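Participant: One structure is given below, represented as structure tokens, and several questions about it will come after.
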Amino acid sequence: MTLLADAPVPDDLTDDQRDIVEAVRNFAREALAPHAVEWDQAKHFPIDVLQQAGELGLGGVYVREDVGGSALSRFDAVLIFEELAQGDTTIAAYISIHNMVAWMIDSYGSDQIRQQWLPGLSSLELRGSYCLTEAGAGSDAAALRTTAVVDGDNFVLNGEKLFISGAGSSAVYVVMARTGGPGPKGISAILVPADTPGVTFGANEKKMGWNAQPTAAVSFDNVRVPRSNLLGEEGGGFTIAMKGLNGGRVNMAACSLGGAQWAYDKAVAYMRERQTFGHPLSDQQALVFRLADMRIQLEAARGLLRRAARALDAGAPDTVELCAMAKKFGTDVAFTVANQALQLHGGYGYLAEYGLEKVVRDLRVHQILEGTNEIMSLIVGRSIIAGTI
């Protein structure tokens, strides 16, 4: 990924939002895009560059200012993550996950916990990971089996979490664990520092994409943490997780759109330059129609995404459904557009040095995480039947 389009900043934004977009675009162009393919191939996690992102306020996008956060809106956030992803889809997605962790601590942690962890997380000197998924609890998050048993003033955690972004690198983990009976009401959110005895990490997973961020299992073997590390109320973890996922879903849609926009821009430039049979590809009407469809899909997905982000900011009654719609539609459209951009490049699109095959691989997982797109359809469909949308 060595090209970042010099697209104009949208004119429907406030002056502050335009400044944010320009600053993040410059960072993505200078610090991310030139290295994205290299990081992917070397499976290199660029901690130094993440700290540069922290200096821009990207480690605590919607964290309060008293602990170093930027206190921006969810609408601002989707602008940020779309720009970051035009530099590197993998790193943009990791920063999104980190921000969900920081938001959970800021929103539900005690003041002592906030003051202890959020300044470092907001600056990205420290990194955070989110631990929900288990072998038998992915889309069915309420079925998780990791336990946190009260022992005096402590919780004692036992279990294993899978597919954890940043595992082994993060300083702190927000763990969803069962403190009560079966079902969602028995789940609590507990903050676990990485250096707590009994916390261990699996090997870095070999993945189709997202190679520039580590992904591994996190195991808890009689891990003892203070009960004051509880986020929110005991038994309130599932609610925290679902609220966090609303933001995660719009962010992941934004990351997808950023990656797809970059691929689309590459395809437009290639069609203008590439000659076949004595004419540029752009003279072929069928290919021009394909570009038009790609552009229409991106704009439609962006409009739905921004509507969902505004609903999230406003606490609108249809927020959950809109976030699910934006995530499903945005990630599906983005993967299709990126894949079409690769196709338009012919054999060159299949070569790693062009960056297109990396974006296609990275975007594929966005249709799975933060709730699979099948689950997004289920959320929307149930709301239709219930008459809530």
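Participant: Return the single residue from 14, 146, 133 with maximal mean-square fluctuation; model: Gaussian network over the chain, springs between Cα atoms under 10 Å.
Facilitator: Judging by the Gaussian network model, the answer is 14.
Participant: Tell me the carbon and sulfur percent of the accessible area for the chain, rounded to whole percent, probe radius 1.4 Å.
Facilitator: 53 percent
Participant: Report, in whole Å, the centroid distance computed from the Cα atoms of the range 61-93 and the range 146-177.
Facilitator: Here the two parts' Cα centres lie 26 Å apart.
Participant: While we're here: Compute the long axis of helix 319-344 from its Cα atoms, compare it with the longest principal axis of the Cα atoms of the chain, and write down the angle in degrees, 0 to 90, nearest 10.
Facilitator: Helix 319-344 sits roughly 40 degrees off the main axis of the chain.
Participant: Which three extents, in whole angstrom, do the alpha-carbon atoms of the range 1-113 cover along their principal axes, largest first?
Facilitator: 43, 38, 17
Participant: Decide, for the range 49-171, between rounded, prolate and oblate: order the square roots of the alpha carbon gyration tensor eigenvalues as a ≥ b ≥ c, take rounded if a/c falls under 1.5, and otherwise choose prolate if a/b is larger than b/c, else oblate.
Facilitator: Since a/c reaches 1.5 but b/c is at least a/b, the shape of the range 49-171 is classed as oblate.
Participant: Given points 7 Å out from each Cα along the Cα-Cβ axis, report the residue 158 to residue 285 separation in nanometres with one decimal.
Facilitator: So the label points at residue 158 and residue 285 sit 7.1 nm apart.
Participant: If you don't mind, another one. Identify which of 51, 41, 86 has the largest mean-square fluctuation in a Gaussian network model of the chain, with springs joining Cα atoms closer than 10 Å.
Facilitator: 41
Participant: Using every alpha carbon pair in the chain, what percent of pairs falls into each 20 Å bin from 0 up to the bin containing the largest distance?
Facilitator: Pairs per bin, as whole percents: 29, 57, 13, 1.
Participant: Would you mind working out the accessible area per residue for the range 335-389, using a 1.4 Å probe, and quoting it in Å²?
Facilitator: Accessible area per residue, the range 335-389: 49 Å².
Participant: Right, here's the next one. Given a 10 angstrom Cα cut-off, can you work out which residue in 225, 150, 192 is the most mobile in a GNM of the chain?
Facilitator: 150
Participant: Among 59, 135, 124, which residue has its Cα furthest toward the positive end of the charge dipole of the range 3-147, with +1 on Lys/Arg Cβ and -1 on Asp/Glu Cβ?
Facilitator: 135
Participant: In the chain, if the dipole is taken from +1 on Lys/Arg beta carbons and -1 on Asp/Glu beta carbons about the Cα centre, which of 103, 367, 211 is farthest to the positive end?
Facilitator: Of the options given, the answer is 367.
Participant: For residue 328, go through the lysines and keep the ones whose alpha-carbon is under 20 Å away, minus same-chain ones fewer than eight residues off.
Facilitator: Output for residue 328: 243.
Participant: Would you mind calculating the gained length between residue 73 and residue 151 on full extension (0.36 nm times residue separation, minus the Cα-Cα distance), in nm to one decimal?
Facilitator: 24.2 nm
Participant: Report, in degrees rounded to the nearest 10, the 0 to 90 angle that the Cα long axis of helix 15-27 makes with the longest principal axis of the chain.
Facilitator: Compared with the principal axis, the helix lies near 80 degrees.
Participant: Would you mind listing how long the range 310-389 runs along its three principal axes, going by Cα atoms, in whole Å with the largest first?
Facilitator: Its Cα atoms span 49, 24, 19 Å along the three principal axes.
Participant: Can you compute the helix-only [θ] at 222 nm over the chain? Use -39500 (n - 2.57) per DSSP H run of at least 4 residues, normalise by all residues, nearest 500 deg cm²/dmol.
Facilitator: -16500 deg cm²/dmol
Participant: OK, next. Starting from the Cα-Cα distance between residue 228 and residue 125, subtract it from 0.36 nm times their residue separation and give me the gain in nm to one decimal.
Facilitator: Separation in residues times 0.36 nm, less the Cα-Cα distance, equals 34.7 nm.
Participant: Let me ask you something else. For the range 189-227 and the range 94-112, what is the separation of their Cα centres, given in Å?
Facilitator: The range 189-227 and the range 94-112 have Cα centres separated by 17 Å.
Participant: In debye to the nearest 20, how big a dipole does the chain give about its Cα centre with +1 on each Lys and Arg Cβ and -1 on each Asp and Glu Cβ?
Facilitator: So the dipole magnitude of the chain works out to roughly 1000 debye.
Participant: In square angstrom, what is the accessible area per residue of the range 43-148 with a 1.4 angstrom probe?
Facilitator: Result: 31 Å² per residue.
Participant: How much accessible area does residue 200 have with a 1.4 Å probe, in Å² rounded to the nearest 10?
Facilitator: Rounded to the nearest 10, that gives 80 Å².
Participant: Compute the angle between helix 111-122 and the longest alpha-carbon principal axis of the chain, please, reported from 0 to 90 degrees and rounded to the nearest 10.
Facilitator: 30 degrees
Participant: Right, another one. If I take the Cα coordinates of the range 210-310 and project them onto the principal axes, what are the three extents in Å, biggest first?
Facilitator: 72, 31, 15
Participant: Once you have the Cα-Cα distance between residue 135 and residue 51, take 0.36 nm times their residue separation minus that, and quote the gain in nm to one decimal.
Facilitator: Going from the current span to full extension adds 27.0 nm.
Participant: Quote the relative contact order of the chain in percent (integer), defining contacts as alpha-carbon pairs under 8 Å separated by 6+ residues.
Facilitator: Answer for the chain is 17 percent.
Participant: Here is a follow-up. Which FRET efficiency, nearest 0.05, do residue 30 and residue 208 yield, Cβ-Cβ r, R0 25 Å?
Facilitator: 0.35
Participant: Related question: Assuming R0 = 35 Å, can you tell me the calculated FRET efficiency for the pair residue 107 and residue 296, based on Cβ-Cβ distance, to the nearest 0.05?
Facilitator: 0.40
Participant: As a test of reading the structure, rank 207, 185, 358 by solvent-accessible area (1.4 Å probe, protein chains only), most first.
Facilitator: Sorted by accessible area, descending: 185, 207, 358.
Participant: Run through the DSSP bridge list for the range 120-261 and note the antiparallel percent, rounded to the nearest 5.
Facilitator: 85 percent
The values are calculated or read from the model by the stated rules, or taken from the named source; none is laboratory data. As the structure is a prediction and not an experimental result, all values here were calculated from the model. Positions of Cβ are generated from backbone atoms using ideal geometry, with glycine treated the same way; all protein chains shown enter the neighbour counts. Heads up: the accessible areas ignore ligands, DNA and RNA and are worked out on the full protein's heavy atoms, side chains in. Shrake-Rupley method; radii C 1.70, N 1.55, O 1.52, S 1.80 Å.
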